Each structure stands twice: as C-alpha cells, then as structure tokens.
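For reference, the structure discussed in these notes is given below.
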C-alpha cells in the first residue's frame, strides 16, 4: 500500500532564492493498494554461494484527490485508476557461518494510468545494493528461547542442508 501527497505548490522558490506566491496551483493526495502474486527461487551452490531470482506481477487501484486552486476558489476531484506493476530482481552472494556478502538488483515496472484503452510500462525505482556482514555470537537472551524451541521441535535443530538432502532422498530425487 502506498500513501502519497503533494502540497505546498502555491509557493515556488526561484533560483535567486526569491519566494513566488502562485494564484493557480494543484494539491494531490491519495493511496494505492496493490495485490501481488509472484515466484521466488534460490539456487544454492557448494553449500554457501547462492543466487536468488524473483518476479512479482501485481495490480492495484489508485484512489486520489486533486484539488485545483485558482485565485482563491478551489475545485475538488476524486478519481480512481487501475494500474499494473511488476517487481523483479536477483541477488547473489556468499552466506557463511561468520561472514556474508553479496549484491542485490531490483527492477520495478509501473504502468501509466489506464485511460483511453492504452497502457504503457515505465521503469521506476531501480536499485543496486552491495552488502557485507559479520555474525557476532548471539546473547543469551536470544539463544535461550531458540534452544527451547529446538528442544521442543527437534527437526529444527538439524542442519538446513541435511534437511534439504534428506527431503530429496526420501522422494528419490537427487539434486547432486
């Protein structure tokens, strides 16, 4: 869900830092709920290296209000528009016992508002991040409840890789 607003357009600061008061301007506000359905998949190589890819298409409705001010008079318009969005990306890295690092690329598409039976996709908010981390020994306040849960549910104590391999062996699949 996205909330947005644009107000204060009645004043403009010029390059020379002079403040200009406008007699005609617009204020916008609205929210856009979006429903996504998608698929994420992670490939694991040599127990510590990974590659994750995903695609999440979605559809939403933009509920917005446009207030037009002209010389002291105002006109309110309440509008709704359907739009489509696609989020995709990948990440790759190393996930060891003490250190982890990698990179993430996210690529998002957003449709123009659906009007006159036309629809155009435009890229929005693309990003690339690098990360590095070190795992410190967890304090007792964290480890104590986890050990309690692992004691009550023994399958959680197994190494996640062995659980993965045992799953495939039990179904006569061989990932290796």
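Just so you know, all these numbers are worked out from the coordinates, no wet-lab data involved. Computed from a predicted model, the values in this text were never measured in an experiment. Cβ placement follows ideal geometry from the backbone for every residue including glycine, while neighbour counts extend to all protein chains displayed.
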With label points set 7 Å from each Cα along the Cα-to-Cβ direction at residue 138 and residue 76, the distance between them in nm comes to 5.1 nm
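Sorting check: for 125-138, 72-85, which peptide has the highest mean count of neighbouring beta carbons within 10 Å, and how do the rest follow?
Details: 125-138: 9.9, 72-85: 11.8.
Per-residue Cβ counts within 10 Å, averaged per peptide and sorted highest first, yield 72-85, 125-138.
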Mean Cβ-within-10 Å packing, highest first, puts peptides 15-21, 139-145, 4-10 in the order 4-10, 139-145, 15-21
Scaled by the rule-of-thumb 2.2 N^0.38 Å, the alpha carbon Rg for segment 2-136 gives a ratio of 1.55
Over its alpha-carbon atoms, segment 1-62 yields an Rg and a Dmax in Å of 22.4, 66
With label points set 7 Å from each Cα along the Cα-to-Cβ direction at residue 36 and residue 52, the distance between them in nm comes to 1.2 nm
